[in-house]
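The values are calculated or read from the model by the stated rules, or taken from the named source; none is laboratory data. All of these numbers come straight from a predicted model, not from anything done at the bench. Positions of Cβ are generated from backbone atoms using ideal geometry, with glycine treated the same way; all protein chains shown enter the neighbour counts. Ligands, DNA and RNA are excluded from the accessible area calculation, which covers all protein heavy atoms including side chains. Shrake-Rupley method; radii C 1.70, N 1.55, O 1.52, S 1.80 Å.
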Amino acid sequence: MTLKKVLRGPLLHFLKDPGDNAPLSGSAEYNEDAAIAIDQQGCIAYCGDAEAFVATLPRETTIDHYPDKLLMPGFIDAHVHFAQLGIIASYGRQLLDWLNNYTFPEECRFEEQCYAEQVAELFVQQLLRHGTTSAMVFSTRHEQATEALFGAALRHNMRLLTGKMLMDRNAPAKLLDTAEGGIEASRALLEKWHGRQRLEYVLSPRFAPTSTPAQLEAAGIFMDEYPGIRMQTHLSENLAEVDWVKTLYPDASDYLDVYARAGLLRDGCYFGHAIHIDDSVRERIRAAGSGITVCPTSNLFLGSGLFNWQAARDQQVPIALGTDIGAGTSLSQLQTLQDTYKVCQLNGAALSPWQAFYQITLGSAITLRLDDRIGNLTVGKEADIVVLDSAATPAAATKAALREQRLEEQLFNLMLLGDDRSIAATYLMGECQYRRDA
């Protein structure tokens, strides 16, 4: 077999959920000197001990060697808004004010094709800089913005799931479509982009307050027409939002019931945030085959609340982590883990580094039903790989110089002290798409 290249170095990936404490037997695989061989299609042909394997390779084989780094599967961002890249860390109050003061005015700019294309390329480049190799992304309501994002991902051969936003009320006129028009535009985009290379279309009603019952019902019918298609939206992020939904949908028993009545509570539906929910809501999400995309950084920034991680784990609700730019303040999943850890601490739970890194790799891949292609580095998977430097930031380097670091400590340092500087390189399908300058 002719190989595209080989990566060599310490390697960690997960084969199943490691549990909440020390990793369960057979859940994590660590090799101090591993080789990852990548075939011409960009998939993994070999992953195992390096020394004997490398000795069998032809002399001309390209080997990228990272002896003092850590190879892991690329990170997955399950909830992020590409059009909000320019308003990251904008001062504001809570969710609804923030939407009106920053989000909606910024998204109006995406009717301009050139601006949409500029931001789409910057967004994909920034994901790669932060070690993210796959993402489920909210676009705007503009078809051209969604096409720009798909196009940027296609150029980099990135696995990206997105769709135009559906909104037909309670937003500026420039951002509104109609129940029928939004679905027709979604259909055209899906038929053009879904399944091209590593792209997938995701039906994307923003949230119940910006969609009429007619639009949500049309979205449910759309999912019937395209079996297996995914849907993303928002749920119970903010208390004022929850109260608003009660007035807009008085016949629904709760916020989740709004989506259920429209046929949007089923396998492949993902609900962002889901902070202010109870056991009944969690159970209905789990039973439907749906999942929650958890965004602790933005929840802290907007004062929305603390996601109950342990309750979700106890009820076996599928969860995946998202940065939620721009209410989130970083595209780094390492910093998302830092905030997840803090939120868990405030709720009296513990997030081990093993569980943390499982969640942004195989765990999110399982939740998004992508684990047959990504999430770990087993043979046959797509070669999306991040190269981590656990001593890249000054604080982490100082700590490493003062004491020997076990693997568990290296991981904890990465999630508490790491950021984009901790990403030495990012590979998509075996091609290096980002390399840190120094």
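Listing for the model above:
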quantity: Candidate lysines for bridging to Lys4, where Cα separation is under 26 Å - those fewer than 8 sequence places away on the same chain excluded; calculated: Lys69, Lys381
quantity: For a label point 7 Å along the Cα-to-beta-carbon line of Asp257, residues of the range 273-304 with backbone N under 16 Å; calculated: 277-285
quantity: Cut-off 9 Å between beta-carbons: net charge of the residues surrounding Arg261, Lys and Arg +1, Asp and Glu -1; calculated: -3
quantity: Antiparallel content of DSSP bridges confined to the chain, in %, to 5; calculated: 45
quantity: Probe 1.4 Å - accessible area at Asp17, Å² to nearest ten; calculated: 50
quantity: Cα-based helix-to-principal-axis angle, 113-129 vs the chain, degrees rounded to 10; calculated: 40
quantity: The range 347-365 residues near the modelled Ala22 label - backbone nitrogen below 20 Å, point 7 Å along Cα→Cβ; calculated: 350-358
quantity: Per-residue ³J(HN,Hα) for the range 144-159, Karplus 6.51 cos²θ - 1.76 cosθ + 1.60, θ = phi - 60°, Hz, x for Gly and Pro; calculated: 5, 5, 5, 5, 4, 5, 4, x, 5, 5, 4, 4, 9, 6, 8, 7
quantity: Residue-normalised accessible area of the chain, expressed per residue, 1.4 Å probe, Å²; calculated: 37
quantity: Potential extension, Asp371-Asn101 segment - 0.36 nm per residue separation minus Cα distance; calculated: 93.4 nm
quantity: Loop trypsin sites (Lys or Arg not before Pro), the range 192-253, which have at most 15 other Cβ atoms in a 10 Å radius of their Cβ (DSSP); calculated: Arg196
quantity: Nearest-10 value in Å² for the accessible area of Thr56, using the 1.4 Å probe; calculated: 100
quantity: Cα centroid separation - the range 103-142 against the range 41-82, whole Å; calculated: 28
quantity: Translational D in µm²/s for the range 397-438 (Stokes-Einstein at 25 °C, 0.890 mPa s, Kirkwood Rh from C-alpha pairs); calculated: 206
quantity: Computed over the chain: relative contact order in percent, which uses C-alpha pairs under 8 Å that are six or more apart; calculated: 20
quantity: Residues Ala214 and Asn31, FRET efficiency given R0 of 56 Å [Cβ-Cβ distance, rounded to 0.05]; calculated: 0.55
quantity: For Asp177, distant residues with modelled amide H under 5 Å away; calculated: Met167, Asp168
quantity: Angle between the chain longest axis and helix 279-288 axis [Cα atoms, degrees, rounded to 10]; calculated: 70
quantity: The chain, helix-only ellipticity at 222 nm - DSSP H runs n ≥ 4, -39,500 (n - 2.57), divided by all residues, nearest 500; calculated: -10000 deg cm²/dmol
quantity: Extension gain from Glu51 to Asp68, taking 0.36 nm per residue of separation minus the Cα-Cα distance; calculated: 4.5 nm
quantity: Accessible carbon and sulfur surface of the range 135-179 relative to its total accessible area, %, 1.4 Å; calculated: 51
quantity: Stretch gain in nm, segment Glu180-Thr398, where the contour uses 0.36 nm per residue and the Cα spacing is subtracted; calculated: 72.7 nm
quantity: Between 0 and 90°, nearest 10: helix 333-346 axis offset from the chain longest Cα axis; calculated: 70
quantity: Long-range amide H partners of Arg230 with built H, under 5 Å; calculated: Leu203
quantity: Of the chymotrypsin sites (Phe, Trp or Tyr not before Pro) in the range 65-137, those whose Cβ has at most 11 other Cβ within 10 Å and which sit in DSSP loop; calculated: Tyr91
quantity: Lys/Arg +1, Asp/Glu -1 at C-beta; the range 33-123 dipole; positive extreme among Pro67, Gln41, Leu99; calculated: Leu99
quantity: Range in the chain, longest, excluding exposed GluC sites (Glu not before Pro) [loop by DSSP; at most 10 other beta-carbon atoms within 10 Å]; calculated: 61-403
quantity: Label-point separation in nm, Tyr226 to Glu409, each point 7 Å along Cα→Cβ; calculated: 5.0
quantity: Charge-dipole axis of the range 133-200 as Lys and Arg at +1 and Asp and Glu at -1 on Cβ define it, positive-most pick from Ala173, Leu154, Ser186; calculated: Leu154
quantity: For the range 185-252 versus the range 300-374, the gap between their alpha-carbon centres in whole angstrom; calculated: 22
